[in-house]
Amino acid sequence: MVSASIEETNALLNWKASFANQTESLLPSWNLLSHNTCTWFGISCNSAGSVTKINITGFGLNDQASIGVIERWGRFDRLAQPGLNCFNPFLGECLAGVLSTRISSLDVKIETKTKDNVFVQLLCSIQYRVVRQNADDAFYELQNPKEQIQAYVFDVVRAHVPRMTLDELFEQKGEVAKAVSEELEKVMGAYGYMIEHILMVDIIPDTSVRKAMNEINAAQRLQLASVYKGEAEKILLVKKAEAEAEAKYLGGVGVARQRQAITDGLRENILNFSHKVEGTTAKEVMDLIMVTQYFDTIKDLGNSSKNTTVFIPHGPGHVRDITDQLRNGLMEASSAQINAD
């Protein structure tokens, strides 16, 4: 019989070498000393000498993230590490099962009540894995590890949450996750499981409670907005009042200065007229100026006003009364300006 090709021989030896550190004791006939590959254990060739079949009964192959459990006559014998493992069926050895050592995730939804009598649902995610060294405990001790983990999560959460208000639960959900983690590590460690992480993913209050919380939040924000709006309106009113007071003050100052200027001009005119026209007294000059200003005022009123008719008292006696009124008004204005200064 012709031996297999060099490429097939190298491929088989490379495959054997990939079986971790157990290859020295497993498949001893697979070596270069045996020139005929077709004589190797479990190898079948055709008439041309090419490998057509590999049958290695009594060997088990585990991937890197798995670990096997080998029993002898129904009793645990040893663990099968990743790679190629050999067991002898004639001695009662068999591969009882394979456990994955990858991290698994279990989502648990718990409904409970808080201290302030609010029903909430908590979504908890538990990440766990099998400990390689204690894989036999994980395989034999628990029938359903997920149900066991879920039961402990229910117990711990329902023992802690009723001691918290809803607001405290949102603020301290990390403390709840920590309590769950400590309890699970203590219990599940004895069964060959390691708790990697506990995540408190979500806290879901009842729909009516969420609606009420949103309404309270909205009312508080509206109240705060009203306070700010009131303060702004208060500032506007105060500033407006201050501006009006300042405007009135400046208007009064302007009127007083205008009257003072008129008084000074009248005084100067009276003195000039008295010096140029002999025999006239200051009172006569003042009366003449008052009458002239009176008629000037009537003229301006007629020109600038929309009224077509103005009723005024007229006659020699009334003119004198008007003169006295104008004089008294100017004297009062001059006195007010002096007091203001």
* To do: Just give me the residues in the range 141-154 being surrounded by fewer than 16 Cβ atoms within 10 Å (Cβ to Cβ) and assigned to a loop (DSSP other than H, G, I, E, B), in sequence order.
  => GLU141, GLN143, ASN144
* Asked: Pairs under 9 Å by beta carbon, first residue touching a residue at least 12 places away in the same chain (Cβ under 8 Å) and in a loop (DSSP other than H, G, I, E, B) in the range 97-119, partner among the small types (Gly, Ala, Ser) and surrounded by 14 or more Cβ atoms within 10 Å (Cβ to Cβ), six or more apart or different chains?
  -> THR101/SER66; THR101/ALA135; ARG102/SER66
* Residue satisfying condition, being surrounded by fewer than 19 Cβ atoms within 10 Å (Cβ to Cβ), among the small types (Gly, Ala, Ser) and in the same structural domain as THR114 (by TED's automatic domain parsing), within set ALA138, ALA179 -> ALA179
* Could you run through the range 65-119 and say how many residues are in contact with a strand residue (DSSP E or B) (Cβ under 7 Å, 6 or more places away or on another chain) and either surrounded by 15 or more Cβ atoms within 10 Å (Cβ to Cβ) or over 19 Å from TYR193 (Cβ atoms) (or both)? => 38
* Structure fact -> If we keep only residues of the range 120-154 that are in contact with a helix residue (DSSP H, G or I) (Cβ under 8 Å, 6 or more places away or on another chain) and acidic (Asp, Glu), then the residue nearest to MET194 (Cα to Cα) is ASP137
* the range 182-192, residues that are buried (at least 19 other Cβ atoms within 10 Å of the Cβ) and farther than 15 Å from VAL108 by Cβ -> GLY192
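Based on what the data block shows, is GLN127 among the polar types (S, T, N, Q), closer than 30 Å to PRO82 by Cα, at pLDDT 90 or above and outside any helix (DSSP H, G or I)? Walk me through it before giving the result.
Numbers: among the polar types (S, T, N, Q): yes; closer than 30 Å to PRO82 by Cα: yes; at pLDDT 90 or above: yes; outside any helix (DSSP H, G or I): yes.
Taking the combined requirement at face value, the residue satisfies it.
Here's a check for you: in the range 185-200, which residue that is hydrophobic (A, V, I, L, M, F, W, C) and assigned to a helix (DSSP H, G or I) is nearest to VAL156 (Cα to Cα)?
First pass over the range 185-200, keeping only residues hydrophobic (A, V, I, L, M, F, W, C): 187-188, 190, 194-195, 198-200.
The next check asks that each one be assigned to a helix (DSSP H, G or I); those that pass are 187-188, 190.
Details: VAL187: 12, MET188: 14, ALA190: 18 Å.
Ranking the candidates gives VAL187 first.
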* Asked: Is it the case that the range 64-84 has a residue that's within 26 Å of ILE6 (Cα to Cα) and either modelled with pLDDT under 65 or more than 59 Å from the chain's Cα centre (by Cα) (or both)?
  -> no
* To do: Give me a count of the residues in the range 201-230 that are β-branched (Val, Ile, Thr), at pLDDT 85 or above and in a helix (DSSP H, G or I).
  => 1
* Which ones in the range 45-63 are loosely packed, with under 14 Cβ neighbours inside 10 Å, under 23 Å from GLU8 (Cβ atoms) and at pLDDT 60 or above? -> ASN46, SER47, ALA48, THR52, LYS53, ILE54, ASN55
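The values are calculated or read from the model by the stated rules, or taken from the named source; none is laboratory data. Fair warning: this is a prediction, and the values are worked out from it, not measured in the lab. We place every Cβ from the backbone using ideal geometry, glycine too, and count neighbours over all the protein chains shown.
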